[in-house]
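K.L.:
Got a structure here, written out as structure tokens. Questions coming.
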Amino acid sequence: MSNNPWHDIEPPSSAQTAYARRIDADLPWDFFWARAVDGCVMLTLQHADSSSPVSRLPRIRDIDVLLSAADEHGTRTLGLKLRESSLQDLFHTLCIDIVSSTTDAVSEADAVNTALRRTWRWHHLLRGGRSDLLSAEEQMGLIGELLVLERHLLPLLPASVAVEAWRGPLDSPKDFEVGLLAIEAKARRGSSQPSVTITSEHQLDSAGVHSLYLHVVDLSPAPEAMSESFSVSDLAFRVRERIAADDPGVVGTFEGLLTAAGLAPEHDYSDSCFVEGRSRLFSVDSGFPRIAAADILPGVERVTYSIMLDLCGAFEVNDGDLHDAIARLGESDAD
């Protein structure tokens, strides 16, 4: 594994092929260094169609993550293609890490899913995340999103649809989007914090959606010994179990999103627990205090502002209103 394992691999003559060299004959999985027809360097993992991932593929800046259709032998290829040649050293490091992560995989399917989860981890790092533990604020934010998924989407929608709707880890404008309904999830440190922070002019912008809701949960630090306390890992495990019971095929997608959010399975959050307080739900209708993209002049972006929740009582709704709106989406899909 030299620093440039692609130096003697020529581009193929056809876009349907890639010239490749096996990384290590002792590895049980079919990883290859490769070049695409445009000369771009690649890492590929060939595998049986039955081992192919069902989860969403990561989107990494300057790197294409690709999955080929099965060929006549029932073989598919998961590939990472570097579009920006100046990043080849970093890409090489990424590739070595992905290959190494599959060392303990017990099957080809496990190796493919492990490689994909590792790629999601790089997605998180390359979009500005870190390799260490999430901060307390980041843990709270993720808890806020997982509670929406657990309580408002999974009970009403197929697991595949509910997980597909979770867009927060993918840097989408809204945390959840299903049909023309969107939900923005926020967590604040107990009721002592009277406001919530909105970090973009797009988060509460209702353009393009018919219904937009703001879900706010109060969380307070708590010792692990408290019976009601839980960590972000506890909640993620609980939601994973719920998804596995409904549709095991969706678990890989969910785990990929957790990784994209920065929640690595090897990290220990047992000493960072919270107790849940009040949850509030607001319908972001006309008149709701917010800043939308249409409200600001060209050239201004990434607007951050705070909303005083005590002044939003006129827009507060109960969970049933949201559930009815989600159920109506399901009925329209069935039609």
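The values are calculated or read from the model by the stated rules, or taken from the named source; none is laboratory data. What you are looking at is a predicted structure, and each value in this text was computed from that prediction instead of being measured. A quick note on method: Cβ atoms are made from the backbone with ideal geometry, for glycine too, and the neighbour counts reach across all protein chains shown. Side chains included, ligands, DNA and RNA excluded: accessible areas come from the protein's heavy atoms. Shrake-Rupley method; radii C 1.70, N 1.55, O 1.52, S 1.80 Å.
K.L.:
Around F176, with a cut-off of 11 angstrom between Cβ atoms, what is the net charge of the other residues, counting Lys and Arg +1 and Asp and Glu -1?
P.N.:
Here the count lands on -3.
K.L.:
Same structure again: Please label the shape of region 122-268 as rounded, prolate or oblate, based on the square roots a ≥ b ≥ c of the eigenvalues of the alpha-carbon gyration tensor (a/c under 1.5 means rounded; beyond that, a/b larger than b/c means prolate, else oblate).
P.N.:
Rounded.
K.L.:
Could you pull the accessible area for E10 with a 1.4 Å probe, rounded to 10 Å²?
P.N.:
Rounded to the nearest 10, the figure is 120 Å².
K.L.:
Let me ask something else about it. Which three extents, in whole angstrom, do the alpha-carbon atoms of the chain cover along their principal axes, largest first?
P.N.:
Largest to smallest, the principal-axis extents are 67, 51, 42 Å.
K.L.:
Would you mind calculating the relative contact order of the chain from Cα pairs under 8 angstrom and at least 6 residues apart, reporting the percent as a whole number?
P.N.:
Value for the chain: 16 percent.
K.L.:
At 0.36 nm per residue, and after removing the present C-alpha to C-alpha distance, how many nm does the segment from H73 to R59 gain when stretched out fully?
P.N.:
2.2 nm
K.L.:
For the chain, what does -39500 (n - 2.57) per DSSP helix run (n ≥ 4), summed and divided by total residues, give at 222 nm, in deg cm²/dmol to the nearest 500?
P.N.:
Mean residue ellipticity at 222 nm (helix-derived): -9000 deg cm²/dmol.
K.L.:
If I take R0 = 41 Å and measure r between the Cβ atoms of T199 and A109 in this structure, what FRET efficiency does the formula 1/(1 + (r/R0)^6) give, to the nearest 0.05?
P.N.:
0.60
K.L.:
Taking Cα atoms, how many degrees apart are the long axis of helix 108-126 and the longest axis of the chain, rounded to 10 and kept between 0 and 90?
P.N.:
In the chain, helix 108-126 runs at an angle near 60 degrees to the longest axis.
K.L.:
What shape does region 1-115 take by its C-alpha gyration tensor, where a ≥ b ≥ c are the square roots of the eigenvalues and a/c under 1.5 counts as rounded, a/b above b/c as prolate, and the rest as oblate?
P.N.:
Since a/c stays below 1.5, the shape of region 1-115 is classed as rounded.
K.L.:
Per the Debye formula with a single identical scatterer at each Cα and no solvent contribution, what log10 I(q)/I(0) holds for region 205-247 at q = 0.29, 0.32, 0.34 Å⁻¹?
P.N.:
-0.99, -1.08, -1.14
K.L.:
What is the helix-to-structure angle for 251-260, meaning the angle in degrees between its Cα long axis and the longest Cα principal axis of the chain, kept from 0 to 90 and rounded to the nearest 10?
P.N.:
It works out to around 80 degrees.
K.L.:
A further question on this structure: Could you pull out every residue, at least 5 positions away or on a different chain, whose amide H is within less than 5 Å of the one on V284? Hs are placed 1.01 Å off N in the peptide plane, and Pro or chain starts have none.
P.N.:
The list, which skips near neighbours in sequence, is L212, Y213, L214.
K.L.:
Where only protein heavy atoms count, and the probe is 1.4 Å, what is the accessible area per residue for region 108-188 in Å²?
P.N.:
33
K.L.:
Considering amide H positions built from the backbone, and no H for Pro or chain starts, which residues 5 or more places from I60, or on another chain, come under 5 Å of its amide H?
P.N.:
Sorted by chain and number, the residues that satisfy this are V65.
K.L.:
Here is a follow-up. Between 0 and 90 degrees, rounded to the nearest ten: what's the tilt of helix 232-246 against the longest Cα principal axis of the chain?
P.N.:
On a 0 to 90 degree scale, this one is about 80.
K.L.:
If you don't mind, another one. Which of the trypsin sites (Lys or Arg not before Pro) across region 1-92 are loop residues per DSSP, with 15 or fewer other Cβ within 10 Å?
P.N.:
The qualifying sites are R59, R61, R83.
K.L.:
Here's a follow-up. If you count, for each residue, the other Cβ atoms within 10 Å and average over each peptide, how do 272-279, 161-168, 23-30 line up from highest to lowest?
P.N.:
So the peptides 272-279, 161-168, 23-30, ranked by packing, come out 161-168, 272-279, 23-30.
K.L.:
Next question. Given axes a ≥ b ≥ c from the Cα gyration tensor, I'd like to know whether region 57-170 is rounded (a/c under 1.5), prolate (a/b larger than b/c) or oblate.
P.N.:
oblate
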